[in-house]
Amino acid sequence: MLPLIVFSGILALAITRLKGEHKQTLVTLFEAVSRAMLVIVNWILLVAPIGVFCLVLPLAARTGIDLVGAMGVFILVACGLATVALLALYPVAVIGGGISLSRFARVDAADNDLKLLPQVTGIVLPVAVALLKYASPPVRITGTLFVAYLYGIDLGVLEIGTIAAALAALSFYSPGVPSGGLFIMTPVYVALGLPVEGIGLLIALDLIPDMFITAANVTADMTVAVVLGRSSGGTQQEG
């Protein structure tokens, strides 16, 4: 994934140096590829419930009603961690960004309520959105522990530390799509002997936790923007 991202960034910079007609041709091509990929994703989503059913059935047969309770606990813990991570950003934005709490909390757009200049919203925010998956690691670590519990796998301190470090590193180049952080966890599971099919179960349960993760990640992006905007003088003065 990392070499692909680096190459994509270099290619994008090279495209900016092309003449208008050539640049537009490539942009149109990549837009068409992007739309085609979304069609494939829709196909996958149509058949995904069948796969999830096949994954859950053996677990449900072995654990019974306990599986439902474990799923509920996981969702509550995951959403709670994402909420704590979100709330922790507010004092950072207020103190580091020099902005009032009420103004930051009612954000509508970075260049409206926060009065950020275009050089901040045009550079800092896209980079933050692409790289900063702030709330993903704690929730994904919790999901991994949940999978280990369901499959009866004991993880020691060293294994848990390895999982935390790996998922934190992987979060920087996870795809910015719903449940994107789950799609890059396979190497970690294979390396530690965890059942890869557990990722499919996490994807099935990720609808609600992913909403909380997205809210925290967006808040983190805005926090970075206001802090850097203040330090670089990239905020508009209120008149």
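The values are calculated or read from the model by the stated rules, or taken from the named source; none is laboratory data. From a predicted model like this one, the values you see are computed outputs, not experimental measurements. So basically every Cβ, Gly included, is an ideal-geometry build from the backbone, and we count neighbours across all protein chains shown. The protein model used for the area step is the full one, side chains on, heavy atoms only, and it has no ligands, DNA or RNA in it. Shrake-Rupley method; radii C 1.70, N 1.55, O 1.52, S 1.80 Å.
The table below gives the values:
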{"read-out": "Hey, Ala14 within 20 Å of Thr186 (Cβ to Cβ) and of a type in the set (Gly, Ala, Ser) or not", "value": "no"}
{"read-out": "Lone unmet requirement of (1) under 21 Å from Met185 (Cα atoms); (2) open to solvent by less than 100 Å² (accessible area, probe 1.4 Å) for Val27", "value": "(1)"}
{"read-out": "Test result for Arg62, basic (Lys, Arg), over 21 Å from Gly181 (Cα atoms), part of a helix (DSSP H, G or I) and open to solvent by 90 Å² or more (accessible area, probe 1.4 Å)", "value": "yes"}
{"read-out": "Number of the condition not met by Pro187 [criteria: (1) surrounded by 15 or more Cβ atoms within 10 Å (Cβ to Cβ); (2) part of a helix (DSSP H, G or I); (3) not aromatic (Phe, Trp, Tyr)]", "value": "(1)"}
{"read-out": "Only listed residue being more than 20 Å from Ala48 (Cα to Cα), open to solvent by 40 Å² or more (accessible area, probe 1.4 Å), at pLDDT 85 or above and of a type in the set (S, T, N, Q), chosen from Thr214, Thr219", "value": "Thr214"}
{"read-out": "Boolean, Phe104 is at pLDDT 70 or above, under 23 Å from the mean Cα position of the chain (by Cα), aromatic (Phe, Trp, Tyr) and closer than 30 Å to Leu201 by Cα", "value": "no"}
{"read-out": "Residues of the range 151-184 that turn out to be part of a helix (DSSP H, G or I) and either of a type outside the set (D, E, K, R) or open to solvent by less than 30 Å² (accessible area, probe 1.4 Å) (or both), as a count", "value": "19"}
{"read-out": "Qualifying residue in the range 76-91 (condition: in contact with a helix residue (DSSP H, G or I) (Cβ under 6 Å, 6 or more places away or on another chain), closer than 23 Å to Met185 by Cβ, of a type in the set (A, V, I, L, M) and surrounded by fewer than 11 Cβ atoms within 10 Å (Cβ to Cβ))", "value": "no"}
{"read-out": "Single match in Ile44, Ile5, Ile50, Ile10 (criterion: in contact (Cβ under 8 Å) with a residue 24 or more places away in the chain and either assigned to a helix (DSSP H, G or I) or within 22 Å of Met211 (Cβ to Cβ) (or both))", "value": "Ile5"}
